[in-house]
Every structure is written in structure tokens, then in C-alpha cells.
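J.: Here it is, the structure in full.
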Ligand SMILES: [Zn+2]
């Protein structure tokens, strides 16, 4: 496992009608862990929602959720997360 580069996908959540607080709960239940800190590398903010991201160096259309802060969820540029913190969501 390693840090990987990811980007936000704002479209999939809307398309699936997922609410970001429910996404966060889903993540916490699956991992059996309360997410306190934003999972974006170097970010010191508290987690505020479940973000939907994709691996920016991958051609796959897989989407993942990861707990992040609202600031990181609005980024258009790449950021890094620990790969083990991702949960794959089914298409
Ligand atoms: Zn953050």
C-alpha cells in the first residue's frame, strides 16, 4: 500500500443520489472506524464528508469513497490519499 494520486468526482455522487454524510457513515461502518482527520495527505482539517474520487493515473472507471474535508472535496487538482483508506463503490 502507498499514497496514490486521486481527483474528485463530483458527478457520480449526484448521479447516484448519494448524500455525502451517508457516504461517510457507509465508510465508517465498513471500516469499523470513526474518521476524525481528513484523509488527504498533509491536510490537518477534520473530516466533514465522504468524498467520491478516482485514481488519476488509472484508465479504469472505478470510483472510491474516502473521508475528506469540505476544502479537499472542492479541489479540482490532484491530491494524495493512502490507498488503504479507499472503499470501492459499485457501479
Ligand atoms: Zn482535507
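J.: Can you pull out every residue in segment 1-17 that is at pLDDT 95 or above and surrounded by 16 or more Cβ atoms within 10 Å (Cβ to Cβ)?
T.: Residues satisfying the conditions are 4, 6, 8.
J.: Hey, residue 50 hits all of (1) in a strand (DSSP E or B); (2) more than 13 Å from residue 70 (Cβ to Cβ) but one; which does it fall short on?
T.: (2)
J.: Can you give me the number of residues within segment 61-80 that are in a strand (DSSP E or B) and either near the ligand (Cβ under 9 Å from one of its atoms) or closer than 12 Å to residue 37 by Cα (or both)?
T.: The qualifying residues number 4.
J.: Scan segment 42-60 for residues that are under 10 Å from the mean Cα position of the chain (by Cα) and away from the ligand (no atom under 11 Å from the Cβ) and jot them down.
T.: If the condition is that a residue be under 10 Å from the mean Cα position of the chain (by Cα) and away from the ligand (no atom under 11 Å from the Cβ), then 50, 52, 53, 54 are the ones that fit.
J.: Given the condition near the ligand (Cβ under 10 Å from one of its atoms), in contact with a helix residue (DSSP H, G or I) (Cβ under 7 Å, 6 or more places away or on another chain), modelled with pLDDT of 95 or more and part of a loop (DSSP other than H, G, I, E, B), answer yes or no: does some residue in segment 30-41 qualify?
T.: Yes: segment 30-41 contains one or more residues that are near the ligand (Cβ under 10 Å from one of its atoms), in contact with a helix residue (DSSP H, G or I) (Cβ under 7 Å, 6 or more places away or on another chain), modelled with pLDDT of 95 or more and part of a loop (DSSP other than H, G, I, E, B).
The values are calculated or read from the model by the stated rules, or taken from the named source; none is laboratory data. As the structure is a prediction and not an experimental result, all values here were calculated from the model. No Cβ is skipped: glycine too gets one built from the backbone with ideal geometry, and neighbour counts run over all protein chains shown.
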